[in-house]
Amino acid sequence: MRVTKGGFTLIELMVSISILSIMMIFLYKSYASLNFSNEIIKTEVNTVTSAQELKKVIYLDFSLAMRNTTQIQNREEVEDFVFLQSSNSIHKRYNPYITYIVKEKKLYRLESLQRLDSYELAAESEFDADYLGEVKSFRVYKSSNAQSEIYLVHVDFANTEDILLKVKVLNE
């Protein structure tokens, strides 16, 4: 009677370990590539989301403005200074006066309880300030239509996509 061994030879084990190692290398490369792709997508989604939020805030400020309360002052060729009274608040408080101001090529949105009537802000002024981004230009144009208030808002950002909104005031 002949006895056979039921084990693997050393060569068979080395070949199987080599094949397994090659498969693991390819799986690791795929996993690393997937993680890299996910990071790129995450960055792009965050950029798009923040741009959409910014568009939403500007749109709601102008569309929910009280009729005939918006004042636009041209500061420079590429900068406007805008006052308006709106029912939109991003700080969840009753601060009806919104001011858009450009200081040192940076666009700010000020939300306050009192109207800010001057480009030079007084020391006693109280407001919530939101930095919206670095801009090349910020312009707001009002339509000449007497029956409805329509605004064209153009924000030319330095590092991101421009915003161009046509907004009709809804509080008529």
Inset, instruction - Return a yes/no flag: does the stretch 77-87 have any residue that is farther than 13 Å from Tyr131 by Cα, assigned to a loop (DSSP other than H, G, I, E, B) and at pLDDT 85 or above. - result: yes
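Name the residue, out of Asp80, Asp61, that is touching a strand residue (DSSP E or B) at 6+ places or on another chain (Cβ under 6 Å) and touching a residue at least 60 places away in the same chain (Cβ under 8 Å).
Asp80
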Inset, instruction - State whether the residues of the stretch 142-156 include one that is crowded, with 18+ Cβ neighbours inside 10 Å and of a type in the set (Asp, Glu). - result: yes
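Restricting to the stretch 122-141, count the residues that are loosely packed, with under 12 Cβ neighbours inside 10 Å and in contact with a Leu (Cβ under 9 Å, 6 or more places away or on another chain).
Within the stretch 122-141, residues that are loosely packed, with under 12 Cβ neighbours inside 10 Å and in contact with a Leu (Cβ under 9 Å, 6 or more places away or on another chain) number 3.
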Inset, instruction - Scan the stretch 3-49 for residues that are in a helix (DSSP H, G or I) and among the hydroxyl-bearing types (Ser, Thr, Tyr) and jot them down. - result: Ser16, Ser18, Ser21, Tyr28, Ser30, Tyr31, Ser33, Ser37, Thr43, Thr47, Thr49
Inset, instruction - Please list, ordered by first then second residue, the pairs with beta carbon atoms under 6 Å, 6 or more apart or interchain, first in the stretch 86-98 and among the small types (Gly, Ala, Ser), second assigned to a strand (DSSP E or B). - result: Ser86/Ala65; Ser86/Ile98
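The values are calculated or read from the model by the stated rules, or taken from the named source; none is laboratory data. Keep in mind that this is a model prediction, so the values were computed, not measured. Cβ atoms come from the backbone with ideal geometry, glycine included; neighbour counts cover every protein chain shown.
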